[in-house]
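Inspection log for the structure reproduced underneath, given as C-alpha cells.
The values are calculated or read from the model by the stated rules, or taken from the named source; none is laboratory data. Quick caveat: nothing in here was measured; it's all calculated off a predicted structure. When we count neighbours, we look across all protein chains shown, and the Cβ atoms used for this are built from the backbone with ideal geometry, even at glycine. Accessible surface areas use protein heavy atoms only, side chains included; no ligands, DNA or RNA. Shrake-Rupley method; radii C 1.70, N 1.55, O 1.52, S 1.80 Å.
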Amino acid sequence: MTEQPITNHDDFATAIARIKRESTRPIVLVGLMGVGKSTVGRRLASMLSRDFVDADDAIEEAAQRKISEIFDEFGEAYFRDGERRVIARLMEEHSGVIATGGGAFVDDDTRALILDKAIAVWIDCDIDTLVARTSRRNTRPLLRTGDPKEILTRLYNEREPFYSQAQIRVQSMDGPHSDVAHRIIEAIDQCM
C-alpha cells in the first residue's frame with residue numbers, strides 16, 4: 001500500500017503517461033460506502049484522461065428507479081444480481097474508471113468478473129471518517145436500520161476479506177480526494 005502521493009511532477013507525469021500507454025483495462029474502485037469512490041473516481045479519470053461512470057447511477061438509469069426503492073421493493077439479492085449485470089456491461093463499454101457500490105465486490109461472481117477484466121482498487125478508510133461522510137446524506141439503505149458506526153464496523157469486518165482481494169489497496173483519509181487519486185496512480189504504475 002502506498003501512503004504518500006508522488007510529489008515530483010515529472011515522476012507523476014511519467015506514471016500517468018505509462019498507464020495511458022500500457023493499460024486498457026478499466027479501473028474499478030471498491031470499498032465501503034463513504035470512502036470516496038465516486039469523488040476519487042472522477043478525479044482519477046480526469047488525471048488519466050479517461051471516462052468515469054458510477055455503477056450506482058447506471059443501475060438507477062437502467063432500472064428507472066432509485067437503489068433504495070429497489071432494495072425496499074425487491075431486496076438485496078435481487079439488487080446484487082442486477083448490479084452484477086450492469087457492472088459487466090460497464091466494463092465492456094468503458095476502459096476508464098468505474099465506481100461500484102459498497103457491496104458489489106462482496107458478491108463472488110461480481111468480484112471474479114472485476115478481478116478478471118479490470119484493475120480492482122480497494123479504497124480503505126477508518127470507520128469514524130466513514131460515519132462522518134455517510135451522515136451527510138440519507139440515501140444509504142443499509143444505514144437506515146440502526147447505529148451507523150455499528151453498522152459500518154460490522155460491514156467492514158464482514159467485507160474486508162473480500163476487499164483485500166483487490167489488486168491494489170489505498171487509504172482514504174480526511175485530506176483531499178486528489179491525494180487518493182495520486183496514490184492510486186502511483187500504485188497502478190508500480191504494478192505495471
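Side notes on the structure shown:
- Looking across the stretch 102-128, the residues that are open to solvent by less than 20 Å² (accessible area, probe 1.4 Å) and touching an Asp or Glu at 6+ places or on another chain (Cβ under 8 Å) come down to 103, 104, 110.
- Elements of the type helices (runs of 4 or more DSSP H) sitting completely within the stretch 4-71 and holding at least 1 residues that are aromatic (Phe, Trp, Tyr) and surrounded by 14 or more Cβ atoms within 10 Å (Cβ to Cβ): these cover 9-22.
- From 77, 99, residue being on the phi < 0 side of the Ramachandran plot and open to solvent by 50 Å² or more (accessible area, probe 1.4 Å): 77
- Residues in the stretch 89-144 that are in a loop (DSSP other than H, G, I, E, B), within 16 Å of residue 159 (Cα to Cα) and of a type outside the set (Asp, Glu) were compared, and the one that is modelled with the highest pLDDT is 100.
- Test: residue in the stretch 62-84 that is under 17 Å from the mean Cα position of the chain (by Cα) and under 21 Å from residue 186 (Cα atoms): no
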